[in-house]
Amino acid sequence: MENKDFKMVAKTMYGLEDVLANEIEAIGGKNIEKLNRAVSFEGDMNMLYKANYLLRTAITILKPIYSFEANSDRELYDNIYKYKWEKLLNADGVLSIEPSVYSSIFTHSLYASQKTKDAICDRFRRMFNQRPNVSKEDPDLILNLHINENQVTVSLNSSGESLHKRNYRLRAEMAPINEVLAAGLIQLSGWQRDCNFFDPMCGSGTMVMEAAMYAYNIPAQYYRYDFAFKKWGDFSMPEFKRVRDEANKQIKEFDYEIWGSDISGAAIKTATENITNAKLHKDIELFRADIQEQNPPEGKTLIIMNPPYGQRIETDDLFNLYDLIGRVFKNKYSGNTAWVISSDLDAFKHIGLRPSQKITVYNSNLECRFCKYEIYEGSKKAKKQQE
Ligand SMILES: C[S@@+](CC[C@H](N)C(=O)[O-])C[C@H]1O[C@@H](n2cnc3c(N)ncnc32)[C@H](O)[C@@H]1O
């Protein structure tokens, strides 16, 4: 196994770069640099295993292996052809290529990926009279092809399927939040795991699951077995097992409550199945209730919620719902802090409280605000939001 340090790039979502950089620092990554929707860092194979197993806000961990300049299709093909791919893949293996291309020279990412595939397969055919299969189904090697104008970087995708697929969610209700985003929001809120957590619109339970995993220090991929690096020639199962065992030993007790509630019986049923599947049903309490009926747990509580927004709900109903959220904040949550993520800036105004912080994040392709409300005693009389 490679004990030397190398560069890695952890991809994430817009707005989560700072959180991810902190997570990487906490696991011992070196030379950390924040990029756009990504963070680069250095470490050895042990670090690559840790990054995959532990980082809550990473989507993929890439290992760049080959960079060059290409000003034409020919130069792309020739440079790719030169690389010793046979060190990484057998001639009867399965290859997958993920292109991300931002270039005026290579205007079609699929075409660039096709050229790359042709060059690799031609090299194998010449050397072994046999070429790898190219398929997204169960590949042995996943190459990430990144082209920025004429700068080409080929990386190994060490994760495989996106790391938001934690493998605890059996089913989802409508509009589930992405697990990486949920984990990111929880950390952006600055929660020190020193009070209760409550999501009064919990849907399939993603936010409460991520809160519980964070609170109990359960590794992000505790429930997942598949990682692309397990198919690499230099994969060391004993080393990965060491990383896993060490991280699992850090799981600890949490002395506060984690609650979720939702008006929909179907959502609570799904959430119950999901938390039971994750064996967290004793650690998370779920209630079927309208937000206006459900009190938060006793004592200091952080509230994070992802109310409906977007296309599926009539505007009037949406505004009424946000009016209701504002009333509930003032009547039931005073003394606590509540955060709301939504893409609907007009609906936010109906909460009727001034947010003390607004952070821009994206929920898939929807630009959202994540707004913080500090609900003081007496917020009933709080000034109406001016904006
Ligand atoms: C966008 S979804 C939340 C998705 C959730 N974060 C997840 O990962 O599955 C919004 C949720 O708000 C719930 N909801 C809508 N109105 C409600 C109300 N008045 N009281 C409680 N829950 C409500 C819906 O049933 C829905 O599950």
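Do we find that Met45 is among the hydrophobic types (A, V, I, L, M, F, W, C), over 18 Å from Leu188 (Cβ atoms), at pLDDT 95 or above and buried (at least 16 other Cβ atoms within 10 Å of the Cβ) in this structure? Spelling it out, Met45 is indeed among the hydrophobic types (A, V, I, L, M, F, W, C), over 18 Å from Leu188 (Cβ atoms), at pLDDT 95 or above and buried (at least 16 other Cβ atoms within 10 Å of the Cβ). Selection within the range 1-26: residues that are in contact with an Asp or Glu (Cβ under 6 Å, 6 or more places away or on another chain) and not charged (D, E, K, R). The member of this set that is surrounded by the fewest Cβ atoms within 10 Å (Cβ to Cβ) is Asn3. Scanning the range 329-338 for residues that are surrounded by fewer than 23 Cβ atoms within 10 Å (Cβ to Cβ) and either outside any loop (DSSP other than H, G, I, E, B) or outside the structural domain of Pro296 (by TED's automatic domain parsing) (or both) yields Lys330, Asn331, Lys332, Thr337. Note on the range 236-245: residues that are surrounded by 12 or more Cβ atoms within 10 Å (Cβ to Cβ) and more than 11 Å from Tyr53 (Cα to Cα) amount to 3. Scanning the range 89-122 for residues that are at pLDDT below 95 and aliphatic (A, V, I, L, M) yields one hit, Leu110.
For (1) surrounded by 18 or more Cβ atoms within 10 Å (Cβ to Cβ); (2) within 30 Å of Asn217 (Cβ to Cβ); (3) β-branched (Val, Ile, Thr), each residue gets a yes or a no:
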site: Gly28; (1), (2), (3): no, yes, no
site: Arg37; (1), (2), (3): no, yes, no
site: Arg56; (1), (2), (3): yes, yes, no
site: Phe68; (1), (2), (3): no, no, no
site: Asp92; (1), (2), (3): no, no, no
site: Pro99; (1), (2), (3): yes, no, no
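When Gly184 is tested against (1) within 16 Å of the ligand (Cβ to nearest atom); (2) touching an Asp or Glu at 6+ places or on another chain (Cβ under 7 Å), only condition (2) is not met. For the range 141-168, give me each residue that is outside any strand (DSSP E or B) and either closer than 26 Å to Glu75 by Cα or of a type in the set (A, V, I, L, M) (or both). Within the range 141-168, Glu149, Asn150, Leu163 qualify. Does any residue of the range 154-162 turn out to be closer than 30 Å to Thr337 by Cα, outside the structural domain of Leu35 (by TED's automatic domain parsing) and modelled with pLDDT of 95 or more? Scanning the range 154-162, I find no residue that is closer than 30 Å to Thr337 by Cα, outside the structural domain of Leu35 (by TED's automatic domain parsing) and modelled with pLDDT of 95 or more, so the answer is no. Scanning the range 62-80 for any residue that is without any contact (Cβ under 8 Å) to a residue 60 or more places away in the chain and closer than 29 Å to Leu181 by Cβ turns up nothing. Within the range 171-181, none of the residues are crowded, with 24+ Cβ neighbours inside 10 Å, at positive phi, within 16 Å of the chain's Cα centre (by Cα) and near the ligand (Cβ under 10 Å from one of its atoms). Going by the conditions given, is Ala21 under 18 Å from Asn144 (Cα atoms), at pLDDT 95 or above and assigned to a helix (DSSP H, G or I)? Considered against the rule, which asks whether it is under 18 Å from Asn144 (Cα atoms), at pLDDT 95 or above and assigned to a helix (DSSP H, G or I), Ala21 comes out as no. Sub-9 Å Cβ pairs linking a first residue in the range 283-305 that is among the hydroxyl-bearing types (Ser, Thr, Tyr) to a second residue that is loosely packed, with under 14 Cβ neighbours inside 10 Å, at least 6 apart or interchain, are Thr301/Gly335, ordered by first then second residue.
A single entry from Lys230, Lys165 fulfils the requirement of being in contact (Cβ under 8 Å) with a residue 40 or more places away in the chain, within 17 Å of Tyr49 (Cα to Cα) and surrounded by fewer than 20 Cβ atoms within 10 Å (Cβ to Cβ): Lys165.
Among the residues of the range 272-310, write down those that are more than 25 Å from Asp344 (Cα to Cα) and of a type in the set (Gly, Ala, Ser). Selection gives Ala278, Gly299.
When residues in the range 187-219 are screened for being within 13 Å of the ligand (Cβ to nearest atom) and either without any contact (Cβ under 8 Å) to a residue 24 or more places away in the chain or over 24 Å from Gln292 (Cβ atoms) (or both), 2 of them pass. Which of the residues belonging to the range 274-292 are more than 8 Å from the ligand (Cβ to nearest atom) and either under 16 Å from Ile325 (Cβ atoms) or surrounded by 16 or more Cβ atoms within 10 Å (Cβ to Cβ) (or both)? Within the range 274-292, Asn274, Ile275, Asn277, Ala278, Leu280, Asp283, Ile284, Leu286, Arg288 qualify.
The values are calculated or read from the model by the stated rules, or taken from the named source; none is laboratory data. Just so it is clear, the model here is predicted, and its values are computed rather than measured. Cβ: placed from backbone, ideal geometry, glycine included. Neighbour counts: every protein chain shown.
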